[in-house]
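Q: This is the structure I have questions about; it appears just below.
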């Protein structure tokens, strides 16, 4: 008896691989919503990490109180110069240069890290301000400051300083006596001239 071969394929038989070749072009899309979600998650992580790292890790301790405690801070010696050239140290008038230097040296000995600030009136002469700053630097080194007040937004700034009257020097805004002078017509357009 001879065996007949079955015409049906066996389950272990090798079948040819069929690839689906779809010729219709599909659009490639980049989904932006999941990308935004990922970016916000990363951003939240970095914000929380930065806040956590910036906090000082300290123990909560109730510090004792003392009646003789003094706040640690820079002491500021106020030196004032008025428009007449009169010097004041902590609102006390100083008559001589020697007295001024002695007060500064006494302050420097008691407060070696203290700051000396010069409050000069805006009408004080430039020469007097420079002289006082020079003395302050001789005694105080680099711990000298020139105090200023913040200006208001309504202030006008004069770019050309005017000369005091009676100096014998002609003013910038009146170069000639002739009212039809061409320079006089141009000068009214410069800042500070009216």
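Q: So, in the stretch 132-145, how many residues would count as being touching a strand residue (DSSP E or B) at 6+ places or on another chain (Cβ under 7 Å), more than 12 Å from residue 78 (Cβ to Cβ), in a helix (DSSP H, G or I) and in contact (Cβ under 8 Å) with a residue 24 or more places away in the chain?
A: 2
Q: Against the condition more than 11 Å from residue 77 (Cβ to Cβ), out of contact with any helix residue (DSSP H, G or I) (no Cβ under 6 Å at 6 or more places or on another chain) and modelled with pLDDT of 85 or more, how does residue 155 come out, does it pass? Talk me through it step by step, then tell me what you get.
A: On the way: more than 11 Å from residue 77 (Cβ to Cβ): yes; out of contact with any helix residue (DSSP H, G or I) (no Cβ under 6 Å at 6 or more places or on another chain): yes; modelled with pLDDT of 85 or more: no.
No, not satisfied.
Q: Checking the condition under 26 Å from the mean Cα position of the chain (by Cα) and at pLDDT 85 or above, which residue from 77, 133 passes?
A: Sole residue among the options that is under 26 Å from the mean Cα position of the chain (by Cα) and at pLDDT 85 or above: 133.
Q: Just name the residue that is surrounded by the fewest Cβ atoms within 10 Å (Cβ to Cβ) out of those in the stretch 101-131 that are in contact with a strand residue (DSSP E or B) (Cβ under 7 Å, 6 or more places away or on another chain) and more than 18 Å from residue 142 (Cα to Cα).
A: Looking at the filtered set, the residue picked out is 121.
Q: Give the residue, chosen from 147, 120, that is in contact with a helix residue (DSSP H, G or I) (Cβ under 9 Å, 6 or more places away or on another chain) and modelled with pLDDT under 85.
A: On the way: 147 fails: in contact with a helix residue (DSSP H, G or I) (Cβ under 9 Å, 6 or more places away or on another chain).
Checking each option against the conditions leaves just 120.
Q: Evaluate the stretch 48-59: report whether one residue or more is closer than 30 Å to residue 145 by Cα, under 52 Å from the mean Cα position of the chain (by Cα), surrounded by 10 or more Cβ atoms within 10 Å (Cβ to Cβ) and at pLDDT 70 or above.
A: To start, the set of residues in the stretch 48-59 that are closer than 30 Å to residue 145 by Cα comprises none.
No, every residue in the stretch 48-59 fails to be closer than 30 Å to residue 145 by Cα, under 52 Å from the mean Cα position of the chain (by Cα), surrounded by 10 or more Cβ atoms within 10 Å (Cβ to Cβ) and at pLDDT 70 or above.
The values are calculated or read from the model by the stated rules, or taken from the named source; none is laboratory data. These numbers were taken from a predicted model, which means no experiment stands behind them. When we count neighbours, we look across all protein chains shown, and the Cβ atoms used for this are built from the backbone with ideal geometry, even at glycine.
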